[in-house]
Amino acid sequence: MLSALRKMSTAELHRVFEHGHGIRIESIGDADYRGVSLGLPHIVERMFWTTFVKSFRWRAEERRLQGWNVRLKQTGLGGPVCPLRDRSGALASFGPFEVLSGSGSGGIDEDTCSGLVLHYGLGAPGGYSPLRLLRDPIVSLDSGSTQWLLGRTFIDLGFSLPTPSYFVLEKLECLL
(Lines give C-alpha, C1' and ligand atoms only; values in the text may rest on other atoms or scores of the structure.)
Protein backbone atom coordinates (compact mmCIF):
# COMPACT_ATOMS: atom_id res chain seq x y z
CA MET A 1 0.00 0.00 0.00
CA LEU A 2 2.78 2.42 0.93
CA SER A 3 4.61 2.13 -2.38
CA ALA A 4 1.38 2.76 -4.32
CA LEU A 5 0.61 5.87 -2.27
CA ARG A 6 4.17 7.18 -2.67
CA LYS A 7 3.80 7.05 -6.46
CA MET A 8 0.53 9.03 -6.52
CA SER A 9 0.22 12.63 -7.58
CA THR A 10 -1.37 15.16 -5.25
CA ALA A 11 -4.60 14.94 -7.28
CA GLU A 12 -4.65 11.15 -6.89
CA LEU A 13 -3.99 11.42 -3.16
CA HIS A 14 -6.87 13.89 -2.93
CA ARG A 15 -9.23 11.38 -4.55
CA VAL A 16 -8.11 8.62 -2.17
CA PHE A 17 -8.56 10.98 0.78
CA GLU A 18 -12.07 11.95 -0.35
CA HIS A 19 -13.05 8.28 -0.44
CA GLY A 20 -11.56 7.53 2.97
CA HIS A 21 -13.65 6.21 5.84
CA GLY A 22 -14.55 7.87 9.12
CA ILE A 23 -12.70 6.90 12.29
CA ARG A 24 -14.05 6.59 15.81
CA ILE A 25 -11.81 8.56 18.15
CA GLU A 26 -11.73 5.65 20.63
CA SER A 27 -10.12 3.41 18.02
CA ILE A 28 -6.82 5.31 17.85
CA GLY A 29 -6.30 6.17 21.52
CA ASP A 30 -3.09 4.96 23.16
CA ALA A 31 -1.50 3.99 19.84
CA ASP A 32 1.56 4.94 17.82
CA TYR A 33 1.68 5.19 14.04
CA ARG A 34 4.66 5.31 11.73
CA GLY A 35 4.09 8.17 9.33
CA VAL A 36 5.43 8.76 5.86
CA SER A 37 5.20 12.13 4.10
CA LEU A 38 3.41 12.17 0.75
CA GLY A 39 2.88 14.82 -1.89
CA LEU A 40 5.87 17.00 -1.03
CA PRO A 41 8.71 17.63 -3.46
CA HIS A 42 11.61 15.25 -2.73
CA ILE A 43 13.94 18.15 -2.03
CA VAL A 44 11.67 19.29 0.81
CA GLU A 45 11.59 15.75 2.23
CA ARG A 46 15.39 15.56 2.10
CA MET A 47 15.72 18.86 3.95
CA PHE A 48 13.42 17.71 6.77
CA TRP A 49 12.22 14.11 7.06
CA THR A 50 10.21 11.48 5.29
CA THR A 51 9.30 9.25 8.24
CA PHE A 52 8.05 10.14 11.71
CA VAL A 53 5.77 8.76 14.41
CA LYS A 54 2.44 10.18 15.52
CA SER A 55 1.63 9.18 19.10
CA PHE A 56 -1.91 9.31 20.45
CA ARG A 57 -2.60 9.21 24.22
CA TRP A 58 -5.69 9.75 26.33
CA ARG A 59 -5.53 12.63 28.79
CA ALA A 60 -7.25 10.55 31.46
CA GLU A 61 -8.49 13.31 33.71
CA GLU A 62 -10.34 15.01 30.84
CA ARG A 63 -11.01 12.05 28.51
CA ARG A 64 -9.47 14.01 25.66
CA LEU A 65 -7.18 12.48 23.08
CA GLN A 66 -3.92 14.32 22.61
CA GLY A 67 -0.90 13.56 20.50
CA TRP A 68 2.47 14.65 19.23
CA ASN A 69 4.99 13.87 16.52
CA VAL A 70 8.24 12.04 17.24
CA ARG A 71 11.36 12.56 15.16
CA LEU A 72 12.91 9.40 13.77
CA LYS A 73 16.33 8.51 12.53
CA GLN A 74 15.76 8.39 8.78
CA THR A 75 16.34 4.69 8.07
CA GLY A 76 14.34 4.50 4.85
CA LEU A 77 10.76 3.49 4.18
CA GLY A 78 11.33 -0.13 5.15
CA GLY A 79 13.90 0.50 7.85
CA PRO A 80 13.47 0.14 11.59
CA VAL A 81 11.60 2.73 13.65
CA CYS A 82 14.39 4.43 15.63
CA PRO A 83 13.11 7.41 17.65
CA LEU A 84 15.52 10.24 18.28
CA ARG A 85 16.02 11.40 21.87
CA ASP A 86 17.03 14.71 23.36
CA ARG A 87 19.94 15.18 25.78
CA SER A 88 17.81 14.16 28.76
CA GLY A 89 16.86 10.89 27.06
CA ALA A 90 13.25 11.94 26.35
CA LEU A 91 11.75 11.31 22.94
CA ALA A 92 12.46 14.18 20.52
CA SER A 93 8.87 15.28 20.00
CA PHE A 94 7.24 18.31 18.42
CA GLY A 95 3.90 19.55 17.20
CA PRO A 96 1.53 18.63 20.03
CA PHE A 97 -2.10 18.38 18.94
CA GLU A 98 -5.55 17.48 20.20
CA VAL A 99 -7.75 15.05 18.29
CA LEU A 100 -11.23 16.31 17.53
CA SER A 101 -14.10 14.13 16.40
CA GLY A 102 -16.73 14.99 13.83
CA SER A 103 -16.99 16.78 10.52
CA GLY A 104 -16.23 20.45 10.59
CA SER A 105 -13.95 20.17 13.62
CA GLY A 106 -11.16 22.64 14.07
CA GLY A 107 -11.80 25.00 11.18
CA ILE A 108 -12.12 22.21 8.60
CA ASP A 109 -15.40 22.33 6.72
CA GLU A 110 -17.64 19.30 6.21
CA ASP A 111 -16.77 18.99 2.53
CA THR A 112 -13.12 18.59 3.50
CA CYS A 113 -13.25 16.00 6.27
CA SER A 114 -15.33 13.00 7.19
CA GLY A 115 -12.92 11.70 9.82
CA LEU A 116 -10.99 13.08 12.76
CA VAL A 117 -8.96 16.30 12.89
CA LEU A 118 -5.56 16.75 14.51
CA HIS A 119 -5.79 20.32 15.81
CA TYR A 120 -2.33 21.75 16.49
CA GLY A 121 -3.74 24.99 17.90
CA LEU A 122 -5.17 23.13 20.91
CA GLY A 123 -2.17 20.90 21.58
CA ALA A 124 0.16 23.10 23.58
CA PRO A 125 -0.95 25.72 26.04
CA GLY A 126 0.54 29.20 25.71
CA GLY A 127 3.28 30.46 23.44
CA TYR A 128 3.18 30.88 19.71
CA SER A 129 4.30 28.45 17.09
CA PRO A 130 3.40 28.52 13.41
CA LEU A 131 2.36 24.87 13.86
CA ARG A 132 -0.64 26.14 15.85
CA LEU A 133 -2.29 27.06 12.53
CA LEU A 134 -2.15 23.48 11.21
CA ARG A 135 -5.11 21.13 11.01
CA ASP A 136 -4.67 17.55 9.81
CA PRO A 137 -7.88 15.70 9.00
CA ILE A 138 -7.33 11.93 8.90
CA VAL A 139 -9.41 9.11 7.43
CA SER A 140 -9.11 5.35 7.36
CA LEU A 141 -8.08 3.68 4.11
CA ASP A 142 -10.02 0.52 5.02
CA SER A 143 -13.56 0.64 6.38
CA GLY A 144 -13.69 -0.48 10.00
CA SER A 145 -9.90 -0.63 10.37
CA THR A 146 -7.38 1.79 11.84
CA GLN A 147 -4.30 -0.04 10.53
CA TRP A 148 -3.76 2.42 7.66
CA LEU A 149 -4.77 6.09 7.90
CA LEU A 150 -4.39 8.91 5.40
CA GLY A 151 -4.07 12.55 6.40
CA ARG A 152 -3.56 15.88 4.77
CA THR A 153 -2.52 19.25 6.07
CA PHE A 154 -4.47 22.50 6.03
CA ILE A 155 -3.61 25.93 7.38
CA ASP A 156 -6.40 27.56 9.40
CA LEU A 157 -6.53 31.26 8.57
CA GLY A 158 -10.18 31.62 9.51
CA PHE A 159 -10.76 29.53 6.39
CA SER A 160 -9.14 26.24 5.37
CA LEU A 161 -6.13 26.66 3.10
CA PRO A 162 -5.03 23.26 1.74
CA THR A 163 -1.33 22.49 1.43
CA PRO A 164 0.22 19.91 -0.92
CA SER A 165 1.19 17.82 2.12
CA TYR A 166 -0.37 14.40 2.71
CA PHE A 167 0.83 11.60 4.96
CA VAL A 168 0.07 7.94 5.51
CA LEU A 169 0.06 6.38 8.97
CA GLU A 170 0.61 2.69 9.69
CA LYS A 171 -0.23 1.40 13.17
CA LEU A 172 2.81 0.13 15.05
CA GLU A 173 2.73 -3.18 16.92
CA CYS A 174 4.06 -1.72 20.19
CA LEU A 175 4.14 1.67 21.83
CA LEU A 176 7.24 3.84 21.89
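Structure notes:
- Qualifying residue in segment 70-83 (condition: surrounded by fewer than 18 Cβ atoms within 10 Å (Cβ to Cβ) and touching a helix residue (DSSP H, G or I) at 6+ places or on another chain (Cβ under 7 Å)): yes
- Verdict on Leu77 being in contact with a Lys or Arg (Cβ under 9 Å, 6 or more places away or on another chain), under 22 Å from His42 (Cα atoms) and in contact (Cβ under 8 Å) with a residue 12 or more places away in the chain: yes
- For segment 14-32, the condition holds for at least one residue, the condition being that it is surrounded by fewer than 19 Cβ atoms within 10 Å (Cβ to Cβ), assigned to a loop (DSSP other than H, G, I, E, B) and either over 16 Å from the mean Cα position of the chain (by Cα) or at pLDDT below 90 (or both).
- Identity of the residue in segment 148-161, in contact with a Ser or Thr (Cβ under 8 Å, 6 or more places away or on another chain) and surrounded by fewer than 20 Cβ atoms within 10 Å (Cβ to Cβ), that ends up nearest to His119 (Cα to Cα): Ile155
- Candidate set from segment 123-147 (those that are among the hydroxyl-bearing types (Ser, Thr, Tyr) and loosely packed, with under 14 Cβ neighbours inside 10 Å); member that is farthest from Ser37 (Cα to Cα): Tyr128
- Of the numbered criteria (1) touching a residue at least 60 places away in the same chain (Cβ under 8 Å); (2) surrounded by fewer than 14 Cβ atoms within 10 Å (Cβ to Cβ), the one Thr10 fails is (2).
- Selection of first residues in segment 26-44 that are under 30 Å from Arg59 (Cα atoms) and touching a residue at least 24 places away in the same chain (Cβ under 8 Å) and of second residues that are of a type in the set (Gly, Ala, Ser) and surrounded by 22 or more Cβ atoms within 10 Å (Cβ to Cβ), restricted to Cβ pairs under 7 Å at least 6 apart or on distinct chains, gives an empty result.
- Reported count of residues in segment 35-71, each being part of a strand (DSSP E or B) and of a type outside the set (A, V, I, L, M, F, W, C), is 12.
- Any hit, segment 101-117, residues being at pLDDT 90 or above and within 13 Å of the chain's Cα centre (by Cα): yes
The values are calculated or read from the model by the stated rules, or taken from the named source; none is laboratory data. From a predicted model like this one, the values you see are computed outputs, not experimental measurements. No Cβ is skipped: glycine too gets one built from the backbone with ideal geometry, and neighbour counts run over all protein chains shown.
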